[in-house]
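Everything below concerns the one structure shown next.
Derivation of every value follows stated rules applied to the coordinates shown; laboratory data play no part. Since the model is a prediction, treat every value here as computed from it, not as a measurement. Note that each Cβ is placed from the backbone with ideal geometry, even for glycine, and that neighbours are counted across all protein chains shown.
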Amino acid sequence: MTEALRPAFRNADWATKIEYINENENFYYSDGIELVDFGPGFATMIMPLLPRHLNLQGNVHGGWLATMVGQAAGKAAMSYGYFVTPEQLSLNYHTTCSGGTLHAKAKEKNRGKHLGIYTVDVTDDNDKLIVSGTVTLFIQDNEIDFPREKRNVAGLNFASGRQEDML
């Protein structure tokens, strides 16, 4: 017997929306990023640091910190059921981090018809502020519509880069 399809994104509960996003963001699986909390205008994400996330000095690379800020803000904006496109991202680096898990918390500051502004703090496991940022996002007219059947993402090979491995 086939498993029943899940509801459309707009009709799903928050736990199912988190599941949809974590299943369908291929980028997440390559580096352990996960959406853990999500609701109207906010999102919380985590990323366990791996050796490949560190720069030559042994600290998390600034590009990964920018990724966490952008991803968390984007997910907070998507909470209303529409895709978004980044317009501007500004970062303030506060200190370094060399291990553990990054925690990104995004909050909505303002939302209009086509622009949303979000602030994001990225902390370490001890709640020490590593980076903070502000992101402006363009809110598209396209409603989010993820596949309604579950994907077996644990079996996918995102590292190969071959399309047939990622279907």
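Suppose a student asked you for the relative contact order of the stretch 46-98, using Cα pairs under 8 Å spaced at least 6 residues apart; what percent would you report?
Worked out over the stretch 46-98, it gives 41 percent.
Restricting to Cα pairs below 8 Å that are 6+ residues apart, what does the relative contact order work out to for the chain? Please round to a whole percent.
Over the chain, the number comes to 24 percent.
State to the nearest 20 debye the size of the charge dipole of the chain about its Cα centre, where the only charges are +1 on K and R beta carbons and -1 on D and E beta carbons. Numbers along the way, then the final one.
Working: 15 positive and 20 negative charges, 62 e Å.
Approximately 300 debye in magnitude.
Per-residue HN-Hα couplings for the stretch 105-115, Karplus 6.51 cos²θ - 1.76 cosθ + 1.60 at θ = phi - 60°, whole Hz, x for Gly and Pro?
So the Karplus estimates, Gly and Pro as x, are 10, 9, 9, 6, 9, 7, 9, x, 5, 10, 10 Hz.
Please list, ordered by chain and number, the residues whose modelled amide H lies under 5 Å from the amide H of TYR82; skip anything fewer than 5 residues away on the same chain.
Placed amide hydrogens put ILE144 under 5 Å from TYR82.
Whole-Hz ³J(HN,Hα) for each residue in the stretch 19-28, computed from phi via Karplus 6.51 cos²θ - 1.76 cosθ + 1.60 with θ = phi - 60°, x for glycine and proline: what do you get?
Taking θ as phi minus 60°, the curve returns 4, 4, 5, 4, 6, 9, 8, 4, 4, 4 Hz for the stretch 19-28.
Rounded, prolate or oblate, given the Cα gyration tensor of the stretch 1-55, with a/c below 1.5 counting as rounded?
oblate
For the chain, compute the number of Lys pairs whose alpha carbons are separated by less than 27 Å, excluding pairs fewer than 8 positions apart on the same chain.
Lysine pair count for the chain: 17.
Using modelled amide H (1.01 Å from N, peptide plane; none on Pro or chain starts), what sits under 5 Å from the amide H of ASN55, excluding residues fewer than 5 places away?
Excluding prolines and chain starts, which carry no amide H, the hits are VAL60, HIS61.
For the chain, go through all pairs of different Cα atoms, get the mean of 1/r, take its inverse, and jot down that Kirkwood value in Å.
Here the Kirkwood hydrodynamic radius works out to 16.7 Å.
Show the residues, 5+ positions off or on another chain, whose built amide H is closer than 5 Å to the amide H of LEU102.
For LEU102, the qualifying residues are MET47, LEU49.
For the chain, what is the mean residue ellipticity at 222 nm derived from helices alone (per DSSP H run of n ≥ 4: -39500 (n - 2.57); sum divided by total residues; nearest 500 deg cm²/dmol)?
Numbers: 3 runs with 34 residues, N = 167.
Counting only the DSSP helices, I get -6000 deg cm²/dmol.
Quote the FRET efficiency, to the nearest 0.05, computed for THR101 versus THR16 with a Förster distance R0 of 22 Å and r equal to the Cβ-Cβ distance.
After rounding to 0.05, the efficiency reads 0.35.
Please work out how much length the chain gains when fully extended from GLU87 to HIS61, using 0.36 nm per residue of separation minus the C-alpha to C-alpha distance, in nm with one decimal.
Length difference between fully extended and current span is 7.1 nm.
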